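The values are calculated or read from the model by the stated rules, or taken from the named source; none is laboratory data. All values reported here derive from a predicted model rather than from experimental measurement. Glycine also receives a Cβ, built like all others from the backbone with ideal geometry; neighbour counts cover every protein chain displayed. Just so you know, the surface numbers come from the protein's heavy atoms only, side chains and all, with ligands and any DNA or RNA stripped out. Shrake-Rupley method; radii C 1.70, N 1.55, O 1.52, S 1.80 Å.
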Amino acid sequence: MEYVKFTLKRLLAMIPIVLAVSLIVFCLLRLSGSDSASLILGDKPANEETRAAVIKEYHLEEPVLKQYLYWLGDVLKGDFGKSYVNGQNVKELIGAKIPITLGLMVFHSIIGITLAILLGVIAALKRNTWIDSIISFFMLVIRSIPSFLICIVVLVWIVGHVKGYNLAGTYSGFGGYMQKILVPSIIMGVSMVCMLGRVTRSSMIAQLQAPYILTAKAKGISERDITYKHAFHNAVIPVLTVAGLQFAGSIGGSVLIEQIFSLPGMGALLTEGIQKFNYPVVQIVVLIMLLSYLIMSLVVDILYAVVDPRVKLG
């Protein structure tokens, strides 16, 4: 019951945030000065009557705040509007792009979290040894190199040495899908290792030096149980927090990765929407990214309490 109340409370708290951000984005897009009616009509020959019909259909004659309320009402009813560029339903556009972005987020998180925890725990257990030094040096190097530079270097190498790698265009089947997202996921996952691995190492060292570990050793508990059932169980709490926030933050960071690797995902859709003043697309993509971040933050807080029962949900 406590989790349900906390979740409902947080979901209610998200409403004003979502409304405020969506209103700001909506207004900022309208300040660009572009003519929405001309964008919708495109190259189609249009007389005054056709133009007036478009203006009326999209409520372009109304004040910006009233336009926002019309848009918000449609979104709440599940109508995301139509693309200004080609008239395609925005919901269908996003539905076609989500698999790439979602796959990128899931696979890079699995790779990054697994690798970071593994290296962090090993470094903590081998503290002040050559193994710890190598792992720490690896994390330092990864931290020092921007992820976009790693992407470009890897991409140049793949194009020159991997035959049949499909860089541009769409994909077909599960094999094509995995080919599209695997390399970018690995790069994003490795970039995630730096901070998360260092947090894991520091947290694990702190737990291994805690008084309760000495007590456990005095009781004759095996090193394996001390390490994984006691120390790691407590050390993973801050790791979950950082991992969750990194996952949420990478939703926006995927825009750059998708551009470099020509991935047909949400990031590419957002970039194209901004370039072509495709307001309906930009508004919905930004809204989805915001909701993803807020929901992920909520999941992290709940996991925190699940892992450590001492934590009280506020």
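Assorted remarks:
- Checking each residue in segment 1-11 for being over 22 Å from the mean Cα position of the chain (by Cα) and in a helix (DSSP H, G or I) picks out 2, 3, 4, 5, 6, 8, 9.
- Of all residues in segment 123-153 being among the β-branched types (Val, Ile, Thr) and part of a loop (DSSP other than H, G, I, E, B), the one that is modelled with the highest pLDDT: 129
- Applying the criterion of being touching a residue at least 60 places away in the same chain (Cβ under 8 Å) and open to solvent by 60 Å² or more (accessible area, probe 1.4 Å) to the residues of segment 124-159, the residue that is nearest to residue 234 (Cα to Cα) is 125.
- Among (1) assigned to a helix (DSSP H, G or I); (2) within 26 Å of the chain's Cα centre (by Cα), the one test that residue 264 misses: (1)
- Some residue of segment 108-117 being open to solvent by less than 70 Å² (accessible area, probe 1.4 Å), among the hydroxyl-bearing types (Ser, Thr, Tyr), touching a helix residue (DSSP H, G or I) at 6+ places or on another chain (Cβ under 9 Å) and not in a helix (DSSP H, G or I): no
- Test: residue 44 is modelled with pLDDT of 85 or more and either of a type in the set (Asp, Glu) or surrounded by fewer than 19 Cβ atoms within 10 Å (Cβ to Cβ) (or both): no
- Pairs with Cβ under 9 Å, 6+ apart, first in segment 279-298 and of a type in the set (Gly, Ala, Ser), second open to solvent by less than 40 Å² (accessible area, probe 1.4 Å): 292/105; 292/248; 292/251; 297/244; 297/248
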